[in-house]
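A.B. asks: Submitted below is the structure of interest, expressed as C-alpha cells.
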Amino acid sequence: MSDVSPVLMVVRVAVAAPLDNLFDYRVPHALAGRPLAPGMRVCVPFGAAIRWGVVVELAPINAPDDGVLRDVLDLPDSEPALGVDDLRLGRWLSQYYHAPLGEVLSIMLPAALRAGGVLGESRPKGWRLTDTAPVEIPRAARQSAVLAALRAAGGCLTDEQLRGQGQILRSLASRAWITRCPLSPDDTQAPIPEDCGVALNAGQQEAYQAIRSSLGGFAAWLLHGVTGSGKTEVYLSVAADVLLAGRQVLVLVPEIALTPQLVARFATRLGGGLVTFHSGMTDTARREAWLAARAGQARVVLGTRSAVFVPMPKLGLVVVDEEHDGSYKQQDGMRYHARDTAVVRASQVGVPVILGSATPSLESLSNVAGGRYQCQRLDQRAGRARLPRLELLDVRRRPMDDGLSAPLVERMREHLLAGGQVLLFLNRRGYAAALTCHACGAVEHCRQCSAPMTVHRARGRLVCHHCGAERGLPRSCASCGESDFHMSGQGTERLEQALQGLFPEFPLERIDRDTTRRKGSLEAKLERARAGSARILLGTQMLAKGHDFPGVTLAVVLDADRGLFSNDFRAPERLVQLIVQVAGRAGRAERPGEVLIQTHHPDHPLLQALLRGGFDACAAELMHERRQACLPPFSHLALLRAESRTAERGRALLRCCARRLSEAGHEVAAWGPAPAPLERRAGRFRDQLLLSARRREALHGALSDLLSVAREWPESKGVRWSVDVDPQDLG
Ligand code: ADP
Ligand code: ZN
C-alpha cells in the first residue's frame, strides 16, 4: 500500500430502475485503485436491494466526506462496457422516448451482461473447413451446401450462423472435413471479395455513386426501389467500400426477414466477420456477437430491431432494409423505433444511413419532401422481370365460399394448370374469427379481454389473440344451452381446408405463426415455396415480407376491406404497403405476374389510386388526407396509457394529466382519456390519452410535465402507466 491514499471519487450512476434520476455513490478505498470511466458497469446498493447500473459521470470528492453517500459494491470491468458514442445515443433515447437513462442503458447491454457477467474478450466458437474437405459430396446436397457456405465465408462460420445444422456438422466433422475452432481475428479479416458477381445497372450505379460520395459524413438516404429492383445489391456495393476502408457496417432487417438465405448472401458478398443479432439467439450467442462488434472484430452486424444498439467503434454505414416495417417499433418497455434510432445514431457519429423500401413510410417520404433525407429511386426491376398487373375483383353480390369468390377460384385454377404458383394473403390466423351461438347470437369472449376468442379448429381450442388465453371448444352455449354454433370470419386455417378441398392435386403450404412454431419449420416451408414443390402458398403477413418466390404468377389479397375501414389511421397505409409488397412476390422471374384484390369497395379512392398510379399515387392520396386531418407526418403524437385491474383507476390518473395539460397552456391537443380500442386485456382495464402537437418541442415539453404528474400521482398503486412517443399502434 502506498501511504498517499488515492483521491476518493464519486460516481454518478444510471441505475437499472424505473426512476428518472441518477444516483451518486462513493468509490470505497478497497476499489480506489480500479480503472474508472463513464460507461463502466457498476454494482450498487439500492434501497434494501442490490442493483446494476452504468457510470455516467465521475468527480473527485472535494468536500469532506460526510458519510451520506453509500459505497459502490463492485466495479467488475477494466474498461467501459459502453463507449462515448453509446452513452450519447442512450441520452438521446432517454430524452426522446422519456425513458429513465438507467433502463435505457440496461436495454443497450445484452441480457447476459445486464447483471454482471464477464465482459472478456469475445471468441465466438465455430467451425473451420479443413484442407481435405471436398468441393462437393455426391448425393448429399445439404452437406455440400454447408461446405459451400463455409468456403464462401472464407473458411469459417460461427455456431450462430450454422444454427440448426448440428447433425450435418457432426457428420462432416467425423470425416475430418471440418474442425471445431474459436474464430480468431484472422478469420474475421478474410479478404473482402472485390468482384461482386453482378454488374450494377444504370439506376443502381447512380444510387451507388451518390451514396458512396456521401461516405465520411452524415447523410440520410431513402432508397425507394420497387421490389426486386436490386436495392440489396446497392447496399452490398456501398458496404463493400466501407469495409475496404476498414470500417464496420450495421444492417437492420425486419424480424421475419432474417433468414439464413439473407445471412448467406451478405456473408458471401462481404467476406467473413459477419455476426447476426436477433431475439432468436441465446443470451450467450448474443453476448458473443455484441462483444465481437464492440471489439471491432465483427465487421458486419446483421440483425433485427435491437441490433441498433450494438456498439461498433468503427461504424461507417447503417442500412435499414424495409424501413416501413412495423417490427422496427418496440411495443413495450422503452417504445423506441429502430429506424429513427438508426438515423439519429448515424447522425451522431457522422456516417450515412440508407433506408430502403419499395413502399416507404409516409414519415420518410415527408422527410424527403422536406429536404432532410435524399432520395434515390430504382423504378425498374433488375434483370428482365416485369412488374405484375393489378386487378380489383369486385365481390359484391357474388357467392363466397370460405372467403373465396368463384372468379378467383377460376383464375387460380388457370395459373395452377399453367404451371404457376399461387400466393394468397390473409392477415388472420386460426380457423374462424369468432364462435357465435346460432340460437341466441352469443359470442364466446375471452374472460380476460374485451375481445372474441379465435377458433383453432384442428387443435379444438378457442384462443385469445390478445392475451394468449386458451380453452376447449364449448359443448353448449353458456347463455342459452343450445349446442349449435356458427363460426364466423375467415382465418388461414379455414382457408387452408377450403383450398385443399378445391385443389386436392396441388400441394399447399400454409405459413403463419401457428404453423411455424417449431424451430426450422419456417425455413423448411420457405424452402419448399421457393423451390416450387408447394404450388399454393397461403399465409399472413409473414409471407409478404421480403421473401423471394420466383415461381409465383398469381398473388391474391383476400380481404382488402378490413384495411380500408379501420379506426387506426395508419391502416390504409399498411394496406397499400401490403398490397404492393404482395404484388412484389409475383412475376419475379421472367413470367409476368398478376395480382388480384378481392373487395366490396372497388370504387374506393385509395384502390383507384393504386390502379391508376401505383404506390406513388396512393402515397400522395394518403399524404393529402393526413395533411387535412393534421395527422403524422404533419403533426407529432404521443400516447399515454394507463392500465389497472379496477376500472376507472387508470383513467383517473390520465384525467389528472389532461387537466394539467389544459392548465399549463402547452401547444398540445389532447383526446381523452378514453378507453383503448381493446378496453380490457389480460384482465386489465386500459385507458389512453392521445397528445398531438405541430411542433415536436411542444410535445416533449408537455410530456415531461405530464410524466412528473404521473410519477407523483398519489393513487398510483395498482396502476401501470407508460408513454409511447410516435405510437404506431393506437390500440
Ligand atoms: P431488392 O433488394 O430491391 O428486392 P435484390 O437486390 O434482392 O432486390 O435483387 C433482386 C434480384 O435481382 C436478385 O435475384 C438479384 O440477384 C438480381 N439483381 C439485382 N441487381 C442485378 C443486376 N444489376 N443484374 C442482374 N441481376 C440483378
Ligand atoms: Zn384474452
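The values are calculated or read from the model by the stated rules, or taken from the named source; none is laboratory data. This one's a predicted model, so the numbers in the text were calculated from it and none came from an experiment. Virtual Cβ from ideal backbone geometry, glycine too; neighbours counted across all protein chains shown. The accessibility values were calculated without ligands, DNA or RNA, using every heavy atom of the protein model including side chains. Shrake-Rupley method; radii C 1.70, N 1.55, O 1.52, S 1.80 Å.
A.B. asks: Scan the stretch 665-731 for trypsin sites (Lys or Arg not before Pro) in coil per DSSP, keeping those whose Cβ has at most 16 other Cβ atoms within 10 Å, and list them by number.
C.D. replies: Answer in residue order: Arg694, Arg695, Lys717.
A.B. asks: Could you derive backbone 3J(HN,Hα) for the stretch 104-120 from the dihedral phi with the Karplus parameters 6.51, -1.76 and 1.60 (θ = phi - 60°), listing whole Hz in sequence and x where the residue is Gly or Pro?
C.D. replies: Running phi through 6.51 cos²θ - 1.76 cosθ + 1.60 with θ = phi - 60° gives 4, 5, 5, 5, 6, 8, x, 3, 5, 10, 7, 9, x, x, 7, 8, x Hz.
A.B. asks: Something else about it: Highest mean first, what order results for 457-463, 82-88, 251-257 on Cβ atoms within 10 Å? Could you put the intermediate results ahead of the total?
C.D. replies: Details: 457-463: 15.9, 82-88: 18.3, 251-257: 22.3.
Ranking, from highest mean packing down: 251-257, 82-88, 457-463.
A.B. asks: So, one more: What does the highest-first list of 92-99, 573-580 look like by mean Cβ count within 10 Å?
C.D. replies: 573-580, 92-99
A.B. asks: Quick one: net charge around Leu82, please, counting Lys, Arg +1 and Asp, Glu -1 for every other residue with C-beta under 15 Å from its C-beta.
C.D. replies: The answer is +2.
A.B. asks: On to the next question. Under the √(5λ) rule applied to the eigenvalues of the Cα gyration tensor, what semi-axes describe the equivalent ellipsoid of the stretch 429-552? Give them in Å, descending.
C.D. replies: 32, 16, 11
A.B. asks: Before I look further, what does the stretch 510-562 give for accessible area per residue, probe 1.4 Å, in whole square angstrom?
C.D. replies: Working: 2010 Å² over 53 residues.
Accessible area per residue, the stretch 510-562: 38 Å².
A.B. asks: Binning at 20 angstrom from zero up to the longest distance, how are the C-alpha pair distances of the chain distributed in percent?
C.D. replies: Per 20 Å bin, starting at 0, the Cα pair percentages come out as 15, 45, 34, 6, 0.
A.B. asks: Would you please put 50-59, 26-35 in order of how densely packed they are, using the mean number of other Cβ atoms within 10 angstrom per residue and starting with the highest?
C.D. replies: 50-59, 26-35
A.B. asks: Could I ask something else about it? For the stretch 451-596, what proportion of DSSP beta bridges, expressed in % and rounded to the nearest 5, is antiparallel? If you can, show how the numbers build up before the last one.
C.D. replies: Working: 6 of 13 bridges.
In the stretch 451-596, DSSP labels about 45 percent of beta bridges as antiparallel.
A.B. asks: How far is the Cα center of the stretch 85-114 from the Cα center of the stretch 637-695, in Å?
C.D. replies: Their Cα centres are 26 Å away from one another.
A.B. asks: Can you run phi through the Karplus equation (6.51, -1.76, 1.60; θ = phi - 60°) for the stretch 75-92 and list ³J(HN,Hα) in whole Hz, with x for Gly and Pro?
C.D. replies: Computed from phi, the couplings for the stretch 75-92 are 10, x, 9, 9, 8, x, 6, 10, x, 4, 5, 5, 5, 5, 4, x, 5, 5 Hz.
A.B. asks: Need one number: nm distance between label points at Ala173 and Arg655, each 7 Å from Cα along Cα→Cβ, rounded to one decimal.
C.D. replies: The answer from the label model is 6.5 nm.
A.B. asks: Moving on. Per residue of the chain, what 222 nm ellipticity follows from adding -39500 (n - 2.57) for every DSSP H run with n ≥ 4, rounded to the nearest 500?
C.D. replies: -9500 deg cm²/dmol
A.B. asks: Name the residue from Leu575, Ala620, Pro605 whose Cα lies farthest towards the positive end of the charge dipole of the stretch 570-636, charges +1 on Cβ of Lys and Arg and -1 on Cβ of Asp and Glu.
C.D. replies: Leu575
A.B. asks: Treating the beta-carbon of each Lys and Arg as +1 and of each Asp and Glu as -1, no other charges, what is the dipole magnitude of the stretch 662-713 about its Cα centre, to the nearest 20 debye?
C.D. replies: Details: 8 positive and 7 negative charges, 68 e Å.
Using Cβ point charges on Lys, Arg, Asp and Glu, the stretch 662-713 gives about 320 debye.
A.B. asks: Charges at C-beta only: +1 for Lys and Arg, -1 for Asp and Glu. How large is the resulting dipole of the chain about its Cα centre, in Debye rounded to 20?
C.D. replies: I would put it at about 1180 debye.
A.B. asks: Follow-up question, since we're still on this one. In whole Å, largest first, what are the principal axis extents of the Cα atoms in the stretch 289-426?
C.D. replies: The Cα atoms of the stretch 289-426 stretch 60, 32, 32 Å along the principal axes, largest first.
A.B. asks: Net charge near Leu596: determine it from the other residues with C-beta under 10 Å of the C-beta of Leu596, scoring Lys and Arg +1 and Asp and Glu -1.
C.D. replies: Local charge sum for Leu596: 0.
A.B. asks: Just flag the chymotrypsin sites (Phe, Trp or Tyr not before Pro) in the stretch 582-691 sitting in loop per DSSP whose Cβ has no more than 16 other Cβ atoms within 10 Å.
C.D. replies: Phe634
A.B. asks: Provide Ser357, Ser214, Ser716 ordered by accessible surface of protein heavy atoms (probe 1.4 Å), highest first.
C.D. replies: I get Ser716, Ser214, Ser357, largest accessible area first.
A.B. asks: List the relative contact order of the chain as a percent without decimals, with contacts defined as Cα pairs under 8 Å and 6+ residues apart.
C.D. replies: Values: 1446 pairs, mean separation 74.7, N = 731.
Result for the chain is 10 percent.
A.B. asks: Would you work out what percent of the accessible area of the chain, with all protein chains in place, is carbon or sulfur (probe 1.4 Å)?
C.D. replies: Here carbon and sulfur together make up 50 percent of the probe-accessible area.
A.B. asks: Could you please report the charge total around Ala32, scoring K, R as +1 and D, E as -1 over all other residues with beta-carbon less than 12 angstrom from its beta-carbon?
C.D. replies: +1
A.B. asks: By DSSP, what percent of the beta bridges with both residues in the chain are antiparallel, rounded to the nearest 5?
C.D. replies: Percent antiparallel among DSSP bridges in the chain is about 55.
A.B. asks: Describe numerically, in nm with one decimal, the distance between label points set 7 Å from Cα along Cα→Cβ at Gln500 and at Ala295.
C.D. replies: So the label points at Gln500 and Ala295 sit 5.0 nm apart.
A.B. asks: In whole angstrom, note down how far apart the Cα centers of the stretch 140-156 and the stretch 43-57 are.
C.D. replies: Here the answer is 47 Å between Cα centres.
A.B. asks: Does the stretch 20-158 come out rounded, prolate or oblate, given a ≥ b ≥ c as the square roots of the eigenvalues of its C-alpha gyration tensor, rounded meaning a/c under 1.5 and, failing that, prolate meaning a/b above b/c?
C.D. replies: prolate
A.B. asks: Efficiency by 1/(1 + (r/R0)^6): what FRET value for Arg696 and Arg212, r their Cβ-Cβ distance, R0 = 41 Å, to the nearest 0.05?
C.D. replies: It comes to 0.80.
A.B. asks: Hey, got a sec? Which trypsin sites (Lys or Arg not before Pro) in the stretch 340-404 land in a DSSP loop and have at most 12 other Cβ atoms within 10 Å?
C.D. replies: In loop regions of the stretch 340-404 (DSSP not H, G, I, E or B), the sparsely surrounded trypsin sites (Lys or Arg not before Pro) are Arg372, Arg384, Arg396, Arg397.
A.B. asks: Hey, which lysines would be in cross-link range of Lys125, C-alpha to C-alpha under 19 Å, not counting anything within fewer than 8 residues on its own chain?
C.D. replies: By straight Cα distance, Lys125 reaches no lysines at all.
A.B. asks: Any chance you could check the Cα centroid distance between the stretch 501-552 and the stretch 431-494 for me, in angstrom?
C.D. replies: 27 Å
A.B. asks: Given 0.36 nm per residue, what is the gain on full extension from Asp71 to Ala202 after removing their alpha carbon distance, in nm?
C.D. replies: 40.8 nm
A.B. asks: Moving on to the next point. Out of Pro138, Leu119, Thr179, whose Cα points farthest toward the positive end of the dipole of the stretch 60-183 (charges: +1 Lys, Arg; -1 Asp, Glu; placed on Cβ)?
C.D. replies: Of the listed residues, the answer is Pro138.
A.B. asks: Scaled to the compact-protein estimate 2.2 N^0.38 Å, what is the alpha-carbon radius of gyration of the stretch 241-282, rounded to two decimal places?
C.D. replies: My calculation over the Cα atoms of the stretch 241-282 gives 1.23.
A.B. asks: Defining a contact as two alpha carbons under 8 Å apart and six or more residues distant in sequence, what relative contact order in percent does the stretch 545-667 show?
C.D. replies: Relative contact order comes out at 22 percent.
A.B. asks: Right, another one. So for the pair Asp283, Lys519, with labels modelled 7 Å out along Cα→Cβ, what separation do we get in nm?
C.D. replies: Distance between the two pseudo-spin positions: 1.7 nm.
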